[in-house]
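Worksheet: the structure to be examined is printed underneath.
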Protein chains: 4
Amino acid sequence: MASVAVLGAAGYAGAIAAQLLYKHPFFELSAVTARGEAGQRLDDVHPRTRVPLELEVYEAQTADAAVVAYPHGAAAPVVAELRDRGVRVVDLSADFRLRDQGLYEDWYGEHGAPRYFGQGVYGLPELTRDEVASADLVANPGCYPTAALLGLAPLARAGLIGDVVIDGKSGVSGAGRAATASTHFISADENVSPYKIKGHRHTPEIEQELSALGNDVTITFTPYLLPLAQGELVTSYVTPSREASDVEVAELFDDAYASEPFIELREGPVGVIDVRDTNYCRISWHVDPRNGRVIVFAAIDNLWKGAASQAVQNLNLMFGRPETEGLR
Amino acid sequence: MASVAVLGAAGYAGAIAAQLLYKHPFFELSAVTARGEAGQRLDDVHPRTRVPLELEVYEAQTADAAVVAYPHGAAAPVVAELRDRGVRVVDLSADFRLRDQGLYEDWYGEHGAPRYFGQGVYGLPELTRDEVASADLVANPGCYPTAALLGLAPLARAGLIGDVVIDGKSGVSGAGRAATASTHFISADENVSPYKIKGHRHTPEIEQELSALGNDVTITFTPYLLPLAQGELVTSYVTPSREASDVEVAELFDDAYASEPFIELREGPVGVIDVRDTNYCRISWHVDPRNGRVIVFAAIDNLWKGAASQAVQNLNLMFGRPETEGLR
Amino acid sequence: MASVAVLGAAGYAGAIAAQLLYKHPFFELSAVTARGEAGQRLDDVHPRTRVPLELEVYEAQTADAAVVAYPHGAAAPVVAELRDRGVRVVDLSADFRLRDQGLYEDWYGEHGAPRYFGQGVYGLPELTRDEVASADLVANPGCYPTAALLGLAPLARAGLIGDVVIDGKSGVSGAGRAATASTHFISADENVSPYKIKGHRHTPEIEQELSALGNDVTITFTPYLLPLAQGELVTSYVTPSREASDVEVAELFDDAYASEPFIELREGPVGVIDVRDTNYCRISWHVDPRNGRVIVFAAIDNLWKGAASQAVQNLNLMFGRPETEGLR
Amino acid sequence: MASVAVLGAAGYAGAIAAQLLYKHPFFELSAVTARGEAGQRLDDVHPRTRVPLELEVYEAQTADAAVVAYPHGAAAPVVAELRDRGVRVVDLSADFRLRDQGLYEDWYGEHGAPRYFGQGVYGLPELTRDEVASADLVANPGCYPTAALLGLAPLARAGLIGDVVIDGKSGVSGAGRAATASTHFISADENVSPYKIKGHRHTPEIEQELSALGNDVTITFTPYLLPLAQGELVTSYVTPSREASDVEVAELFDDAYASEPFIELREGPVGVIDVRDTNYCRISWHVDPRNGRVIVFAAIDNLWKGAASQAVQNLNLMFGRPETEGLR
């Protein structure tokens, strides 16, 4: 038994992390914190969690581990404080994902805890399982990078990505719980539009991890907002660096994922509804015989595998538990 | 040719009023005003209007008439200023709908222009056409009252309403353009819930107008928010004050509406999509043979017949134009 | 351990029943059957179930119990065959819900297994828990009756229902998996409309069970189709047979439901999203001080508490298991 | 005045064509035909059209022109019969779009009227205005090709397209009015998935027209189904054949579209809701400074500019009318 606090549990991802930990056989949800909603019960703010705990103001509560669900920038100082006290952390923000501080500053501005910069282990278990197992600070990947990297990793490891266009389609929960013009029902309903078209912050994160897999490439990544609540479909249109046959690509994907508990390799179209409210990533790929392009579809639930349930998957690894515990 | 200004044109209803007047054969849209969006073009804020005018700050612009699309309370002082200058007004707010000042204050608080209180003509053309034609200040009805009263008027005139339960189902645009917890996509999507269950302000408005039709009754009215953008379906479950046959009810509805250009009497179910983006009200009724209850369905577009296009219908009447001009 | 077959597992409710039983600690899902989809795996037809069993043609498979998810009329002969073999049955159809054969024939036509007519125990555990525990044939309630009766039972037991209007709002899954004009996305999207307005078959079912609770009443019931997948909000507008105070009504609801594991009594609005994918029923009520009417809102997931998970709740009772087993 | 019949007016696109022609100042809608719905009024089948004409069985009705809204394959013989009688035709099917018969047969099978094969003028007015003006048989473009080609034409004319990935996102109406598993509300709601991933028939059509503009290229095109009714967003990710600066690309787009009445050039994101129920195409483009890729977004309403209103635009040209008549 290990105790875990969820900081920022009033947000969508934080609430789901709390829900998963509350029912988890090994972890004990010791505290849920929030600012604006402090004093309310989590199951009043987010009824679907059915977690009857009161949201508290964060005051350095004792716990063996913490899931930090703060916005970028705000997370770093709290993570530093937790680490100073020896609390193991899974951080949902981007603050510890990048390993090049200049690059971080270009995309996010000044870092909130420079002495810890770059100390996060990138927590995409299917790719970094071993590092996560011994980590004290895990940087939980962004939602788009999760789907994009799971779809591209088998090709990247083989150095097959010559060029890639990544088209990411996300439900509205990806824009967070703040009520804004773009999260207004009337803006999103019956609509689809791209956003952050001149550069989304997940771009350097994807490139960094592709590079870590041995395939340096300057990607094109464009995200789109769709009229649905949860779900993300990421398509990677890969121009291979050399000709790649169906058979070769099939082997790469099968070798990578045949025994992965949360990867569902499929033939044909995949839809986000099929992974809704789960930690699964569904992947489908094919080679376009007309031009040799390799097209990979990867579908996740942006709040689950793209955030909260992946955090629990990481916690399982960090505490030596079965990776799937509490996630099925 | 008469010039019309639309005040509050950045809101949903104001924008549609501007769009209708911009294309109107008789009226000239002379100005569109807004606060936060002043300086932007209306077709940038609301592309679907395709009105290429710049939103201005309101400064007592000259015009023959004005459509005021301000929130309740904020409308009254501006309407008073316009009337002082002789400008004819259609006011979309509730400020001039009620005729009992005490009742107004109970539901809305202090009135912003008491010397004009009660001077609005209730502008539901199918019921008050003649009064509107000679009015200088028209109080445009609320969306729920529009549908409820059109559905109930034939029965009310015959004194047939003994008791009535009104169940109103509305799209999210009815909650306005402000980004709030309840207009967030994630709140409304895949959901339905009642709101203002202890008393919605349209209740006294409906009762006042039923009374004006000769049928005093204490209604039960409950509104619901549905996951759609525009459209309102109002069901009135009427316990008749005396037995009413199918034949009698049919006569009442046919007499009332056979020659109305914007009322579509139908048999069987009606759906809000059928009146989307129009000034039509679709009405269907039947008598439950098991208990004699008369059930009336009335479907409108809450932003059109429930607000903006009905304002234009009223303007047509006020300026002696064909009632349907610019509305088909 | 008891084996359970799900017949008609390719339908929405059948698939969820299979999913719940597949993960159930006590029951073993021994077979899933279907006609058109026989030979396919259930998790191909309904990926979200993640049940890797192949759908078979029904051939009197051996099992301790069966959940029958056939259409009305088609269910009765199969249920009879199962009962003849001693298999305990929870039937999701209406075939064994009514206890007056003439009434059944009026609403559904000839019965498919007259010798078993009327032998079903009405399986709404919160109201009929003891009868279910000793039953071999349980008639699982309809979705609207589930929500309506849970909302009305405390009042009905006190004989408080003088008259009642029931307005039922349902997601599209309630219309079943058949591709029809009314289940086409374009018909339901951005729309709301009533259906079966001259008489929905759940009407006699609700009246029968209210009568069983001691409150004979001729109800008015009208269902509506909403643009969402799962969820049902049933509002009961009750004209009480005598004046009922807030305090009295509060006592009735608290006494009835304070210790019920699947009833969530709430103050204020309730929304269907809060019970999505669960066996919970959320209930809220208030007394309209203006006319004494008692208004009750009850929200369920029509495929879960309105069908599949309630079937499992019934199975738990029939096999002496904890009522909540496998349902949280 | 010229008379126009709409054949296949019970489909989505045919109904809108009928609606536009019924209100058109020059054309007279002389007949609307359908098979299954013959005998019903069009405004009963499609209330929003408000066209009070009865659907007839097609029997070679006399008319100056016809809009044929039949499925691929079924259109050709009827178009041939119309042309034999001298009726001018706009055909919404693919039967007369391709100019290489072998290619047609590869993608669509045998052609239904070989003697007319290849005689259609491709009717994308912004690109082929002059040819349309003198045509008797116009092949109305597919919805995806309309948006893709309008977005790519300025680049193609300059020979700038070295390689292109086309990602097309469409509402469900694109799948037609047939009730199928994929048009069921439950399949599309809260979902997004690719379809026809191994080859969509619009692929050769796009390539043919790019080639006609002087830029031969083998494209990658993948379409996706989104949970909305109408609207199509097509993104073209262009790898330029040579470096292209912002300034150069801006000139290409401005030169091409500055005076086009139905093209709206925008900076920044475009959304499909902005062109809903219109003949407009909104286009936005930018050059990715990181890799030189040119990214073009084009948004249309698939049933309007992607089908019905474009057919009327073509008819206007064919009959020497102002191109925008009846379309604003």
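None of the figures in this text is laboratory data; all of them are computed from the coordinates on show. Because the structure is predicted, anything quoted here is derived from the model rather than measured. Every residue, glycine as well, gets a Cβ built from its backbone with ideal geometry; the counts of neighbours run over all protein chains shown.
Rounded to the nearest angstrom and listed largest first, the equivalent-ellipsoid semi-axes of the range C:63-185 from its Cα gyration tensor are 24, 21, 15. Ranked for footprinting exposure by Cβ neighbours inside 10 Å, fewest first, A:249, B:272 give A:249, B:272. Inter-copy label distances at residue B:106, shortest first and taken from points set 7 Å along Cα to Cβ: 4.2, 6.6, 7.7 nm. Rounded to the nearest whole angstrom, the semi-axes of the ellipsoid equivalent to the range A:1-143, taken from the Cα gyration tensor as √(5λ), stand at 25, 17, 14, largest first. For the peptide A:40-53, the mean number of other protein chain Cβ atoms found within 10 angstrom of a residue's Cβ is 2. Pairs exceeding a 23 Å alpha-carbon distance, out of A:196/D:169; B:196/C:198; D:23/D:169: B:196/C:198; D:23/D:169. Report the one residue of A:256, A:303, A:313 whose Cα lies farthest in the direction of the positive end of the charge dipole of the range A:231-319 (charges on C-beta: Lys and Arg +1, Asp and Glu -1; origin at the Cα centre). The residue sitting most towards the positive pole is A:303. Taking the charge dipole of chain D about its Cα centre, with +1 at Lys and Arg Cβ atoms and -1 at Asp and Glu Cβ atoms, the residue from D:229, D:187, D:14 reaching farthest to the positive side is D:187. Under 20 Å from a label point set 7 Å out along the Cα-to-Cβ vector of residue A:218, the amide N atoms of the range D:209-250 belong to D:236-250. Pairs of alpha carbons in chain C separated by more than 36 Å make up 15% of all such pairs.
Amide hydrogen proximity for residue B:53: with H placed 1.01 Å from N in the peptide plane, the residues at 5 or more positions away or on another chain lying under 5 Å are B:42, B:43.
With neighbour counts taken as other beta-carbon atoms within 10 Å, the residues A:196, C:305 rank, fewest first, as A:196, C:305. For residue D:77, the label point sits 7 Å beyond Cα toward Cβ; its separations from the matching points on the remaining copies run 4.0, 7.4, 7.7 nm, from shortest to longest. Within the range B:94-176, the GluC sites (Glu not before Pro) that combine a DSSP coil assignment with at most 15 other C-beta atoms in a 10 angstrom radius are B:110. With neighbours defined as other Cβ atoms within 10 Å of a residue's Cβ, the residues A:12, D:280 order from fewest to most as A:12, D:280. Computed over the alpha-carbon pairs of the range A:184-238, the distance histogram in 10 Å steps reads 20, 43, 26, 10, 1 percent, short to long.
Across peptide B:264-273, the average count of Cβ atoms from other chains found within 10 Å of a residue's Cβ is 5. Take each residue in A:291-299, count the other chain C-beta atoms within 10 Å of its C-beta, and the mean is 3. The separation of the range A:250-313 from the range D:28-90, counted between C-alpha centres, amounts to 45 Å. Basic side chains Lys and Arg get +1 at the Cβ, acidic Asp and Glu get -1 at the Cβ, and with that the dipole of the protein assembly as shown about its Cα centre reaches some 0 debye. Label-point spacing at residue D:178 relative to the other copies reads 1.9, 4.7, 4.9 nm, in ascending order, each point sitting 7 Å out from Cα along Cα→Cβ. Shape annotation for the range C:1-65: C-alpha extents along the principal axes are 29, 26, 17 Å, from largest to smallest.
Shape descriptor for the range A:169-311: Rg over Rh equals 0.98 (Cα atoms; Rh from the Kirkwood inverse mean 1/r). Scaling against 2.2 N^0.38 Å puts the C-alpha radius of gyration of the protein assembly as shown at 0.93. A Cβ-based charge dipole, computed about the Cα centre of chain C with Lys and Arg at +1 and Asp and Glu at -1, lands at about 480 debye. Counting only DSSP beta bridges with both residues in the range A:43-181, the antiparallel share comes to about 0 percent.
For the range A:100-256, a simple Cβ point-charge model (Lys and Arg +1, Asp and Glu -1, everything else neutral) yields a dipole of about 600 debye relative to the Cα centre. Cα centroid distance between the range C:119-134 and the range B:150-200, in Å? One Cα centre to the other: 37 Å.
Pairs of Cα atoms nearer than 8 Å and 6+ residues apart set the relative contact order; for chain C it is 18 percent.
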